[in-house]
1. Scan around V182 for amide H atoms under 5 Å from its own, H built in the peptide plane at 1.01 Å from N, and keep only partners 5 or more places away or cross-chain.
2. Can you pull out the trypsin sites (Lys or Arg not before Pro) in segment 46-112 whose DSSP state is coil and whose Cβ has at most 12 other Cβ atoms within 10 Å?
3. How large is ³J(HN,Hα), in whole Hz, for each residue of segment 73-80 in order, when computed from phi with the Karplus curve 6.51 cos²θ - 1.76 cosθ + 1.60 and θ = phi - 60°, using x for Gly and Pro?
4. Sequence-distant or interchain residues sharing an amide H contact under 5 Å with A74, placed H: which?
5. Spin-label point model (7 Å from Cα, Cβ direction): what's the K334 to A272 distance in nm?
6. For segment 256-304, run through the trypsin sites (Lys or Arg not before Pro) and keep only the ones in DSSP coil with at most 15 other Cβ atoms within 10 Å of their Cβ.
7. Which pairs break 29 Å Cα to Cα here: K92/K175; K252/K334; K242/K361?
8. Which whole-number percentage describes the relative contact order of segment 162-308, with Cα contacts under 8 Å and a sequence gap of 6 or more?
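What follows is calculated from the coordinates using simple rules that are stated; it is not laboratory data. What you see is a predicted model, and the numbers here were worked out from it, not measured in a lab. Note that each Cβ is placed from the backbone with ideal geometry, even for glycine, and that neighbours are counted across all protein chains shown.
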Amino acid sequence: LQHKFCLFIIIMLLVYTKMLLRWSSAGSFFVHKRSLQSLQMVYAEYGDPSKVLHERTEELKPLSKGEVRYKMLAASINPSDINQVQGVYPVKPPLPAVGGGDCVMKIEELGPEVKEFQVGDWAIPSHPGFGAWRTCGITTPDHLIKVNNKLPAQYAATLSVNPSTAYRMLKDYVKLGPGDAVLQNAANSAVGQLIIQLARHFGHKTVNIIRDKNDGGKTAEYLRSLGADHVVIDTQFKDESKRIFGQLGPPKLALNCVSGRSTLYLAGALAAGGKLVTYGGMSKQALQIPSGALIFKHIQVLGFWLTDWDQKPENRQQRIQMLDELSELALSGKLKMPLYESVPFKDFRRAMEESLTGTGKKKMLVFD
């Protein structure tokens, strides 16, 4: 009798273990329930982000055919994200909308017939206005691009924005050869730092304009450590430019993120037929282009918006190849990510307030 009782206990334990394994593979009731609670930062109207953004908890539905469930790993707060909430950015998702666009996520569950991803893969959004400020969510593979899960999460979250912007501007406007000079302002910005590093990798020289930081030359020293060939304070550029370009030759490409008076220096320094590419307007002033540069040197003044390039179907394969190359450069130590401050998602309000006032470093939301 004792032997039969022991056998019964063993059989029950085996059955119970099998049930636990089955629940685990499908997601047990308790784990599944918790994982489907998505905390989100949402806005239902345009306006001041500190006022219109509010928390929302959403119960995620079971996956349908062709859907994936993801867990957010990191998401940035960019000026374009703030502008979108304010209603002044060209990309306007339907309201109410989850804020944020640039992020990296981990695939946690696959719906039926999903072939493009495996559980554990990392992905970034393929479309703007993804809604990154949330702990988890459900989407379809066509809204995602797989990225290397060996990357630091903070770098992966910005891969499709700042590194891609720098890469495309160096590749798409002028055919640059070894030793050719590239001139840029806002050189200590996130994009500026990446331009320096990519230009060095491609064999180009960079001339980098910065504002006077009164930091004892620490900014200039840091940019040189990234590979900057020349770093010049904006108020000294007029005097320094003749000496610098006497050595390097006039630049064929100038990259502008400031606008206003700064573009006088860029346009005036360009070689005949050179191109001035604007991708930002930090001064909130109009471009100032000398007439002589247009009339006698035939320079071209152009604008670049990465979102527009990304959304052209003919660029999709080229985009994937670019992201792969940027990932390899980062993993090999040839591309250093600009510094962000990591902020837990629960402290979103503080991160947003400091982003609005420009206090401290750029913010990167991180998720448990």
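1. Those lying under 5 Å, H to H, from V182 are K205, T206, V207.
2. Values: sites: K51, R56, K65, R69, K71, K106; in loops: K65.
The qualifying sites are K65.
3. Each residue of segment 73-80 in turn: 9, 7, 8, 8, 10, 9, x, 5 Hz.
4. When sequence neighbours closer than 5 places are left aside, the close amide H contacts are V104.
5. A separation of 3.5 nm, rounded to one decimal place.
6. Taking segment 256-304 and a limit of 15 other Cβ atoms within 10 Å, the loop trypsin sites (Lys or Arg not before Pro) found are R261, K284.
7. On the way: K92/K175 35 Å; K252/K334 25 Å; K242/K361 34 Å.
Distance filter (> 29 Å) returns K92/K175; K242/K361.
8. Values: 285 pairs, mean separation 31.3, N = 147.
Rounded, it is 21 percent for segment 162-308.
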